[in-house]
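Inspection log for the structure reproduced underneath, given as structure tokens.
The values are calculated or read from the model by the stated rules, or taken from the named source; none is laboratory data. Only a predicted model underlies this, so the values are computations on that prediction, with no experimental measurement involved. Because the Cβ atoms are built from the backbone with ideal geometry, glycine has one as well, and the counts that use them run over all protein chains shown. Side chains included, ligands, DNA and RNA excluded: accessible areas come from the protein's heavy atoms. Shrake-Rupley method; radii C 1.70, N 1.55, O 1.52, S 1.80 Å.
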Amino acid sequence: MACKRGALIVLEGVDRAGKTTQCNKLFEALQQSGRPAEMMRFPDRTTTIGKLISAYLENKSDLEDHTVHLLFSANRWEMVPLMKKKLEQGTTLVVDRYAFSGVAFTGAKPGFCLDWCKSPDVGLPKPDLVMFLQLSPSEAALRGQFGEERYEKSDFQRAVQNKFQQLMKDRSVNWQVIDASQSVEDVHKDIMNHSLKAMTCAQNQALAELWK
Ligand code: ADP
Ligand code: 2DT
């Protein structure tokens with residue numbers, strides 16, 4: 001029999017919720033317990049498409065809103081063959097942002113509906129678990145100022161948070177809300193518990209397609 005597949009685990013949340021901190025901790029904990037794991041993040045700024053996105057986020061270039069949305073999606077699709085290969089080999093992927101950030105950020109711009117925003121990502125590998133790190137804007141502010149990048153403004157972040165709330169109503173996705181105001185260790189414990197469960201379920205299920 002082929003080896004059991006790895007799980008696709010995504011962390012989402014507002015700016016400074018602790019996504020990167022927790023992706024690192026989950027990845028390390030899985031590796032240390034002998035479970036094959038790798039980390040990924042979107043946007044992946046290292047590819048040709050990712051470099052266009054990075055320049056846009058750093059305000060070094062301007063791109064039309066639909067165009068940049070499609071580039072973010074293309075930046076995920078270009079990784080799909082590698083993601084599928086790793087998952088089939090039994091490696092669990094811990095992913096910092098995915099299509100949900102894509103929809104929430106573009107959907108927060110005027111004139112965009114969620115259905116249009118979702119469509120280019122329909123059919124991507126469906127995560128076995130999406131954890132939303134929930135943190136209020138006031139608590140996020142205690143963790144430092146916004147950086148200099150394009151979307152790092154409080155009004156826009158509030159609109160993004162609303163879009164995430166809409167996306168989380170979708171029961172076809174395994175959303176788990178995590179209280180990100182806890183200590184780093186306590187957040188990690190919650191994340192580890194949900195992840196181990198999802199990894200066990202994933203072993204006996206074929207990889208599904210997102211929003212299909
Ligand atoms: P994100 O990737 O969601 O933007 P980061 O992991 O980069 O968030 O964390 C943002 C800041 O908050 C960092 O300075 C990090 O050390 C700090 N931080 C992360 N998690 C916690 C926590 N649970 N409690 C307090 N500070 C935290
Ligand atoms: P970080 O690299 O700091 O996470 O910021 N974004 C992300 C989108 O607008 N669309 C997407 O599809 C994705 C994955 C969120 C990246 C910024 O880009 C936004 C913040």
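Numbers for the structure displayed
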{"item": "With all protein chains modelled, accessible area of SER61 [1.4 Å, Å²]", "result": "40 Å²"}
{"item": "Exposed-site-free run, longest, the chain (rule: GluC sites (Glu not before Pro); DSSP loop; at most 10 other C-beta within 10 Å)", "result": "65-147"}
{"item": "For the range 103-202: relative contact order, % (alpha-carbon pairs under 8 angstrom, 6 or more apart)", "result": "40 percent"}
{"item": "Over the chain, relative contact order from alpha-carbon pairs under 8 Å, at least 6 apart, %", "result": "34 percent"}
{"item": "Inter-centroid distance (Cα atoms) of the range 160-174 relative to the range 52-124, Å", "result": "16 Å"}
{"item": "In sequence order, calculated HN-Hα J values of the range 128-139 (Karplus, 6.51, -1.76, 1.60; Hz; x Gly/Pro)", "result": "6, 7, 10, 9, 9, 7, 8, 8, 6, x, 5, 6"}
{"item": "Largest-first principal axis extents, alpha carbons of the range 122-163, Å", "result": "35, 20, 18"}
{"item": "The range 95-138, accessible area per residue, ligands and nucleic acids excluded (1.4 Å, Å²)", "result": "29 Å²"}
{"item": "Size-normalised alpha-carbon gyration radius of the chain, reference 2.2 N^0.38 Å", "result": "0.99"}
{"item": "Between 0 and 90°, nearest 10: helix 19-32 axis offset from the chain longest Cα axis", "result": "10 degrees"}
{"item": "Under Karplus coefficients 6.51, -1.76 and 1.60, residue-wise ³J(HN,Hα) of the range 173-188 in Hz, glycine/proline x", "result": "10, 7, 7, 10, 8, 10, 6, 7, 7, 6, 5, 3, 5, 5, 4, 4"}
{"item": "Accessible area of the chain belonging to carbon and sulfur atoms, whole % at 1.4 Å probe", "result": "52 percent"}
{"item": "Between helix 154-167 and the chain: long-axis angle, C-alpha atoms, 0 to 90°, nearest 10", "result": "40 degrees"}
{"item": "Translational diffusion of the range 27-127, µm² s⁻¹ [Kirkwood Rh, Cα pairs; Stokes-Einstein; 20 °C; 1.002 mPa s]", "result": "146 µm²/s"}
